[in-house]
Amino acid sequence: MTMNRRRFSLAAGAAATLGGFGLARAQGEAPLVLGQSAPFTGPAAQLGIQFHQGAKLFLESYNAQPGRRNVVIKNLDDGYEPERCAANTQKLIDEDVFALFGYIGTPTSLAALPLAVNSKVPFIAPLTGAMSLREPFQKNVFHLRASYNDETALMVKQLTTLGLKKIAVFYQNDAYGKAGLDGVTLALEQLQLKPVALATVERNSNDVAAAVKTIAGARPDAVVQIGAYKACAAFIREARKAGYGGTFFNMSFVGTQALADELGKDAAGVMVTQVVPSPYNPANALAREFADAVRKAGNAASANFSSMEGYLAAKVLTEGLRKAPGKPTRDSLVAGLESIDRQQFGGFEVSFSAKNHVGSKFVELSMLTADGRVRT
């Protein structure tokens with residue numbers, strides 16, 4: 001199913017993102033405050049804005065129900081830079097937030113992880129699939145999405161099933177890019193294959209000229225891209241200008257709608273793995289619920305995969321609160337989340353336990369079209 005894209009103004013989104021914390025309606029008790037460090041400015045800003053927008057959309061509905069203790073998000077901008085994220089995280093911990101929630105990206109989440117673990121503050125639903133955040137197991141860390149290994153395994157399976165075995169990798173030169181590269185390499189090794197070319201781009205940079213030259217020169221059948229939307233869009237445009245006619249595969253972190261918006265008509269045929277169901281498919285109960293919430297919010301919200309993930313993450317967190325024994329505490333939230341066992345959230349299954357804090361392995365493929373649609 002498809003849906004026309006709805007362009008989302010960065011300035012309007014940032015205003016909505018940063019302006020909502022003080023609007024929570026108190027219901028007898030002080031709200032439970034979730035702390036979020038994410039990019040709200042810079043080349044990865046749409047990832048932070050859209051995820052936060054979706055989470056806030058759910059929480060506003062949740063807080064409107066009588067008798068519920070309000071849950072609000074205090075968010076700080078890290079520009080997708082680890083040092084800023086670490087400073088933000090320490091500030092949020094010092095302010096005694098109830099939990100850390102919805103961090104965006106691998107390098108930033110890795111900077112925050114030891115602070116969260118040492119302070120025993122729950123760290124919930126980071127937008128990253130890196131194994132380095134999942135292993136070793138940490139009692140206070142919960143992942144909603146599938147891993148990058150799950151995503152890259154599906155990419156490689158799809159490509160090699162079609163007979164496309166010459167696969168190059170364009171990746172961000174940091175922990176995120178390395179995590180994705182490791183996933184591609186592992187999947188290829190199982191088929192006695194390896195990447196035919198590798199090239200990098202620096203985080204928060206769109207300087208892709210050298211990478212295009214390296215990869216286009218290897219004439220791969222397909223390019224797996226492990227980066228954020230601006231750099232990946234720049235690579236696609238420049239590679240096509242250089243005469244490359246192969247297929248592009250992106251991981252979910254790229255920001256599907258943001259990538260489509262950046263590419264315009266050049267988006268045609270670009271593939272993206274997804275770790276949540278399509279927000280555009282009315283056959284899916286979660287998508288219908290989300291679409292209804294977006295419609296009611298008017299211009300304050302837009303439907304896309306990133307905002308859907310934020311919505312779902314907030315929904316799962318509050319279910320953990322509902323199941324938490326006794327008065328809400330950090331320990332009871334952990335216990336409540338661990339009691340979510342094969343539970344359906346509008347058709348999306350989430351399962352945690354005392355020994356498993358990765359809620360889903362769901363991955364599917366989507367394709368962008370020249371008119372801004374996303375087909376799944």
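How many residues are in contact (Cβ under 8 Å) with a residue 60 or more places away in the chain and buried (at least 24 other Cβ atoms within 10 Å of the Cβ) when one looks only at the stretch 88-121? Number satisfying all stated conditions: 10. Of all the listed residues (Val316, Val294, Val334, Val350), the sole one being assigned by TED's automatic domain parsing to the domain that holds Ile124, of a type in the set (Val, Ile, Thr), modelled with pLDDT of 95 or more and more than 21 Å from Ser252 (Cβ to Cβ) is Val334. Evaluated against (1) part of a helix (DSSP H, G or I); (2) over 27 Å from Ala234 (Cβ atoms); (3) β-branched (Val, Ile, Thr), Thr108 falls short on exactly one condition, (2). Going by what's in this entry, would Lys230 be described as among the charged types (D, E, K, R) and closer than 26 Å to Pro279 by Cβ? Yes, satisfied.
Which of the residues belonging to the stretch 47-87 are crowded, with 19+ Cβ neighbours inside 10 Å and among the aromatic types (Phe, Trp, Tyr)? If the condition is that a residue be crowded, with 19+ Cβ neighbours inside 10 Å and among the aromatic types (Phe, Trp, Tyr), then Phe51, Phe58, Tyr80 are the ones that fit.
For the stretch 119-129, the criterion of being more than 15 Å from the chain's Cα centre (by Cα), within 25 Å of Ala153 (Cβ to Cβ) and not charged (D, E, K, R) is met by no residue.
The set of residues in the stretch 89-111 being more than 22 Å from Glu29 (Cβ to Cβ) and of a type in the set (Val, Ile, Thr) consists of Thr89, Ile104, Thr106, Thr108.
Only residues that are surrounded by 22 or more Cβ atoms within 10 Å (Cβ to Cβ) and not aliphatic (A, V, I, L, M) were counted across the stretch 278-317, and they come to 13. So which residues in the stretch 220-247 are within 26 Å of Ala45 (Cα to Cα) and of a type in the set (A, V, I, L, M, F, W, C)? The answer is Val223, Val224, Ile226, Ala228, Ala231, Cys232, Ala233, Ala234, Phe235, Ile236, Ala239.
Would you say Ala197 is of a type in the set (A, V, I, L, M), crowded, with 21+ Cβ neighbours inside 10 Å and outside the structural domain of Gly129 (by TED's automatic domain parsing)? No.
Results for (1) more than 16 Å from Ala222 (Cα to Cα); (2) part of a loop (DSSP other than H, G, I, E, B); (3) among the charged types (D, E, K, R); (4) modelled with pLDDT of 95 or more, shown as yes or no for each residue.
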| site | (1), (2), (3), (4) |
| --- | --- |
| Val156 | no, no, no, yes |
| Leu159 | no, no, no, yes |
| Gly163 | no, yes, no, yes |
| Asp182 | yes, no, yes, yes |
| Thr185 | no, no, no, yes |
| Leu188 | no, no, no, yes |
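Out of the strands (runs of 3 or more DSSP E) lying entirely within the stretch 284-376, which hold 1 or more residues that are among the charged types (D, E, K, R) and under 20 Å from the mean Cα position of the chain (by Cα)?
Filter on the stretch 284-376 gives 348-350, 364-368.
In this structure, Gly217 qualifies as farther than 30 Å from Gln53 by Cβ and either of a type outside the set (Ser, Thr, Tyr) or in a loop (DSSP other than H, G, I, E, B) (or both). Scanning the stretch 168-223 for residues that are among the aliphatic types (A, V, I, L, M), within 26 Å of Thr108 (Cβ to Cβ) and in contact (Cβ under 8 Å) with a residue 60 or more places away in the chain yields Ala175, Ala179. The residues of the stretch 163-176 that are crowded, with 17+ Cβ neighbours inside 10 Å, of a type outside the set (Asp, Glu) and farther than 16 Å from Ala233 by Cβ, listed by number, are Ile167, Ala168, Val169, Ala175, Tyr176.
The values are calculated or read from the model by the stated rules, or taken from the named source; none is laboratory data. Treat the numbers as computed from the prediction; the structure is a model and nothing was measured. Every residue, glycine as well, gets a Cβ built from its backbone with ideal geometry; the counts of neighbours run over all protein chains shown.
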